[in-house]
Structures are given as structure tokens and as C-alpha cells.
Amino acid sequence: MRIGIVCPYSWDVPGGVQFHIRDLAEYFIRLGHEVSVLAPADDDTPLPPYVVSAGRAVPVPYNGSVARLNFGFLSAARVRRWLHDGAFDVVHIHEPTSPSLGLLTCWAARGPMVATFHTSNPRSKAMIAAYSILQAALEKISARIAVSEYARRTLVEHLGGDAVVIPNGVDVDFFAKAEPRPEWQGDTIGFIGRIDEPRKGLPVLMKALPKILAARPQTRLLVAGRGDEKEAVASLPAELRSRVEFLGMISDEDKARFLRSLDLYIAPNTGGESFGIILVEAMSAGAPVLASDLDAFAQVLDGGAAGELFANEDADALAEAAVRLLQDPARRAELCERGSTHVRRFDWSTVGADILSVYETVTAGSAAVAAEDTPDSDGYGWGSGLRARLGLARD
Amino acid sequence: MTATLIWILVALVAIGLYLSWTAGRLDRLHARIDAARAALDAQLLRRASVAQELATSGVLDPAASIVLYEAAHAARQAEEEQREVAESELSQALRAVFAEREQVEAVRAAPGGEEAARELTEAVRRVPMARRFHNDAVGAARRLREHRKVRWFRLAGHAPFPMAFEMDDEPPAALADRAS
């Protein structure tokens, strides 16, 4: 099958959606499918052979922050060219509501299109204004995928229509087979995420830490992620600061070894999560998980059966649950075992097969994807699209 | 005077273009519904065929075989109006027969059973998918068709008002368990 995947965010900036697309593309290539990924990228970034650059993303203020987006005449032309050259059986668009490549592809293509909705943003002002434009583009999508039941609910409420739920994938064995590192073992609790991004919840964990250390003085907190380390420990009493170790950014291999070494992984995120891939990775590595009770997290943790939940932003509840788990090796072993069976459904072998099922469902009996109003495909030039709309063209 | 006429003309052309664009949108949605419906039919037929094959294979006990055969046969032969009911009954029969993991294991152990079990698992997973995509397309078309501009200018032409396909498509627990 010839598969075209559209990535809305810069390939050079690491992010959840980019990693998801990379793993998905590589999974399909291993199965023998032809895959091409269209993504924004600087011209001098080294790209894997299956990625086609759609040009540099432009930073513009959008939706309250500065987003790097691709739009305008040149990008639209590159999208058309990619569609035309690729002759795909199916095009898979990620995050089609962001005003970037996804939306441009929706406009430019006709034929079987699949879209994955990753985030569950509340409806923005811009989206209300652009609703009718967006609707006309989105209704060309033949199959919608939401990454969680929570993301699906937001999609149904804000855009109407329906979607199937297929979770994000993880290479479970990569984490399960990683080698623990001795210096990260022995009464360690771990956190991965941007240090200076409050939504990742490190401040909540810092608030809970004195209580955890009061009950378990030998505990160490290991933090992996970018950000200002001094500022992060500023709220902590000086004598406790030595119990926190910052590892900075870590590679994928180290991340797996890190998660394998921990006694407890803590995800204190306070919001803005639509899935929670890190929890799946932690469970794959056999780390017991303690997470805030966000909708998305509760779903990934099977309602609390595969990992423990605490009341969101409640540092006392976090401390109490962490101490209880650290003192109870039997319960941790139980969570670890339940976690490892539970994560099989997030393995690429399951998730990839499900996504392929979606492709096969929408391509059955349909023609391949083509660029709409392609100027040279029928020899009539640009006017033919207009003529077709006015009902003058006959084919 | 001439200027006014020109403006009126421009406005009329603009409205015409807009209506023609909307008609194009609607046409595309109807085509999408047709494709989705064909895909749904294919998946339903596939599910009924696999169920019927299993029922006649002798792997299942006689009672289960009869229940499954009846339901699969009825689903394949159903008239359009009874289709939703018959397909729902096939879902119920599949759930009853494959309620336990042991039954699935028994099918897998039989010669050629591994493949039959895989086909059935795939079929009960794809039917709800295809149905959701179909009803999503139907919903989008209905929303557009209820709009004033479409009703006043009869942009939908003679195309029948699209209907959702409603049925019970809950897969059997032993087959739906993604952890296995």
C-alpha cells in the first residue's frame, strides 16, 4: 500500500506527534508498505529517507502562544506536488485542525483520507470564526481517529461527527528489555518532562517531596528533562536539595534504562494531556506508576488498575500515596505485573494493525488520492477546476 | 445606474459561485457516504461469512453451531429494512458463543482454526469501525442538508436523505481483549 503521512509540526523539533509519526512510518516500512511523510523542516536538517520537506515553518502568534506553522502559496504548492508525485492509496493527516500542512492537505486532496486528532484543546476563538471553512475541509476526511476516549469526546463536542479510538503506540519490548543502571537504582522515584513547564507538574512533586523524605529519608528523586534546575528546587529546604538529581535531556536508550531502574514513576501533570505516552513507556519498562487523576491518565491506567492515581494538584495526596507504595514492595510488584500485561494493547503490533485496518476500510473500493484541480493532470489548466464547479466540464 | 447594475450582477455571480461550491461539497459528501456504505457492507458480509464458516466447520459444539449458523444466515439474507436487526442479532449470537476465552482457544487449536479465529477477530473489530465512519459521513451530510441555503435552492437534488446505520456491534469479550 502507498501511504502518505502529513506531519503538521517541524521535524527538527522533538515532540510527541513527531515521534508517533516516525514510529508509525517505520512500522509500515518494516511491513513492506511504501511510506512518505510530508513535514515542515529546515532545508539543512538531515531527514530520514522517507521524509519530504514542506519548507520551513514560520513562527506566528496563534492561539495564545507562538506556533510554528506552514501556510501560504508556496506550502500549498508543495503539498500539491507531494500528492501528485506520491499517488497515494491513502493519506493520513495528523492534527488536521491546526492551520498548517494538515489543513492544506485537506483542501488540496481528494480520495481516501484518514485523520488523527491528538490534542483535546477546548474550542478556540479562531476555530469558531473559521468553523465553516474548517468544516468544509474536514468533511472530506473519510475516517477519524482519536488517540483516547477523552480526545474523542472533545472532538464530538466541538466538531460533530464521530471517531474511532486507537491509542498511541509504544515499542513495548524496547523498554521491557532495557538494562537498568545501578546508579539510578535503590529507593529512587523518577520524573520525566520539561522542568519549567508547570503543566508537567514538577512543582506539585516538589511540594510533596519534604513529606516523602520525612517518611523515607533514603529516597532520591531523579528528574530528566530540560529547564532551569536552580529554580526548580528553590521551593525546597536547602538540606533536602541534595536528594534531587537532575539528569538533563536523556536519549531514548537512557530513558528506557532510567524507567527500568526506578522504584516508582510519578506523573504529576496538572492538565493539557490527551493521552499520556510516558505512562505507557513506564509500564512497559516495568516501573510502578503513580499519576494525577486526569481523564486521559485514568484511561491509560485502566481506571487505576494498572497504576495508582492521586487527586490532581494535591501534593498531600501525592506524598501519602508515594510513601505507601514505597513501603509496600508487594503492591509495587503487583502494579508492575498488571502494567506489563496492560501495555500489550499499546504495542505497535496492535496499534499499527488497527491503523492499517482503518486504511483498508476506507480504501476498499475507492480510487487513490489525487490533488484536487491539478493544473496539468487533465491538460486543461487551472480553469478546468472552475469549469467543473460550474458544471461545465464533462468527464 | 450602470454601476448599480454591475454591482447587482457581481453579487449574483458571487451567490451563484457560493451555491455551486456548496453543491459540490454536498456531492462529495454523498460520494463519501456511498463509499463508506460499500465498505460497511463488505465488512458485515465478511463477518457473516466467517461466522457461517465456523458454524459449519464442526469445531463448535452442535448447539453453538446452530445458534451461530442461524444468525449468520439471517444476517446474509436479510432485506434492507431488517438488516440492522439481523446484524445486531448476529453480534449477540457471537457474544453468546465466544463469551469465554476457552472457546476461542478451542477454535485456535483446531486445524486451520488459527486463521479462522484471526479473521473473526479482525471482522468483529472492523464492523464497528466501518459503521462509525459511515455514520460520521451521514452526520456531516445531514448537517449540511438541513441548512437553509441547501433546502431553499434544492441543492441536494433527488439524492435520498441519508440515514445512519444503527446496530449493536459490541464485539465478544474474548475476541475484543487487546491484551492477548
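Going through (1) more than 10 Å from chain B (Cβ to nearest Cβ); (2) outside any helix (DSSP H, G or I); (3) surrounded by 19 or more Cβ atoms within 10 Å (Cβ to Cβ); (4) in contact (Cβ under 8 Å) with a residue 60 or more places away in the chain one by one, A:Glu313 falls short only on (3).
Among residues of the range B:25-37 that are free of Cβ contacts under 8 Å to residues at least 24 places away in the same chain, those with a beta-carbon under 8 Å from a residue that is among the β-branched types (Val, Ile, Thr) at least six positions away or on a different chain give the pairs B:Ala35/A:Val362. Residues of the range A:212-231 that are over 19 Å from A:Ile192 (Cα atoms) and crowded, with 18+ Cβ neighbours inside 10 Å: A:Leu213 alone. Within the range A:340-369, being away from every other protein chain (no Cβ under 11 Å), more than 16 Å from A:Leu24 (Cβ to Cβ) and at pLDDT 80 or above holds for one residue alone: A:Val369.
Within the range A:156-177, restricting attention to residues that are part of a helix (DSSP H, G or I) and surrounded by 20 or more Cβ atoms within 10 Å (Cβ to Cβ), which residue is farthest from the other protein chains (Cβ to nearest Cβ)?
Ranking the qualifying residues of the range A:156-177, first place goes to A:Phe175.
Exactly one residue among B:Arg131, B:Arg108, B:Arg143 is crowded, with 19+ Cβ neighbours inside 10 Å and touching a helix residue (DSSP H, G or I) at 6+ places or on another chain (Cβ under 9 Å), and that residue is B:Arg131. A single entry from A:Glu281, A:Glu239, A:Glu273 fulfils the requirement of being over 25 Å from A:Pro180 (Cβ atoms) and either of a type in the set (A, V, I, L, M) or in contact (Cβ under 8 Å) with a residue 24 or more places away in the chain (or both): A:Glu273.
Of the residues A:Ala234, A:Ala208, A:Ala238, which single one is buried (at least 21 other Cβ atoms within 10 Å of the Cβ) and of a type in the set (Gly, Ala, Ser)? Before the answer, list the steps.
On the way: A:Ala234 fails: buried (at least 21 other Cβ atoms within 10 Å of the Cβ); A:Ala238 fails: buried (at least 21 other Cβ atoms within 10 Å of the Cβ).
Of A:Ala234, A:Ala208, A:Ala238, the one residue that is buried (at least 21 other Cβ atoms within 10 Å of the Cβ) and of a type in the set (Gly, Ala, Ser) is A:Ala208.
Listed here are the residues, each with its yes/no results for (1) part of a helix (DSSP H, G or I); (2) modelled with pLDDT of 90 or more; (3) in contact with a helix residue (DSSP H, G or I) (Cβ under 7 Å, 6 or more places away or on another chain); (4) within 13 Å of chain A (Cβ to nearest Cβ).
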site: B:Ala123; (1), (2), (3), (4): yes, yes, yes, yes
site: B:Arg151; (1), (2), (3), (4): yes, no, no, no
site: B:Ala159; (1), (2), (3), (4): no, no, yes, no
site: B:Asp168; (1), (2), (3), (4): no, yes, yes, no
site: B:Ala179; (1), (2), (3), (4): no, no, yes, yes
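Residue-level check: of (1) assigned to a helix (DSSP H, G or I); (2) more than 14 Å from chain A (Cβ to nearest Cβ); (3) not β-branched (Val, Ile, Thr), B:Leu60 misses just (1). Surrounded by 15 or more Cβ atoms within 10 Å (Cβ to Cβ), in contact with a helix residue (DSSP H, G or I) (Cβ under 8 Å, 6 or more places away or on another chain), at pLDDT below 90 and in a helix (DSSP H, G or I): is that true of B:Arg25 in this structure? Judged against the criteria, B:Arg25 is a match. Quick one: is B:Glu80 more than 14 Å from chain A (Cβ to nearest Cβ), under 30 Å from A:Pro112 (Cα atoms), under 25 Å from the mean Cα position of the chain (by Cα) and acidic (Asp, Glu)? Yes: the conditions hold for B:Glu80. Selection of the range A:42-81 for residues being in contact with a Gly (Cβ under 7 Å, 6 or more places away or on another chain) and either under 21 Å from A:Val362 (Cβ atoms) or assigned to a loop (DSSP other than H, G, I, E, B) (or both) yields only A:Asn70. Restricting attention to the range A:82-92, the residues being in a loop (DSSP other than H, G, I, E, B) and touching a Ser or Thr at 6+ places or on another chain (Cβ under 6 Å) number 1. Taking the numbered list (1) surrounded by fewer than 15 Cβ atoms within 10 Å (Cβ to Cβ); (2) within 12 Å of another protein chain (Cβ to nearest Cβ) in turn, B:Ala137 passes all entries but (1). With respect to B:Glu119, is the statement that it is part of a helix (DSSP H, G or I) and more than 14 Å from chain A (Cβ to nearest Cβ) true? Taking the combined requirement at face value, the residue does not satisfy it. The sole residue among B:Ala35, B:Ala39, B:Ala71, B:Ala86 that is in contact with an Asp or Glu (Cβ under 6 Å, 6 or more places away or on another chain), of a type outside the set (S, T, N, Q) and in a helix (DSSP H, G or I) is B:Ala71.
The values are calculated or read from the model by the stated rules, or taken from the named source; none is laboratory data. In this text the structure is predicted, and so the values were computed from the model without any measurement. Reconstructed Cβ throughout: ideal geometry from the backbone, glycine too, with neighbour counts over all protein chains shown.
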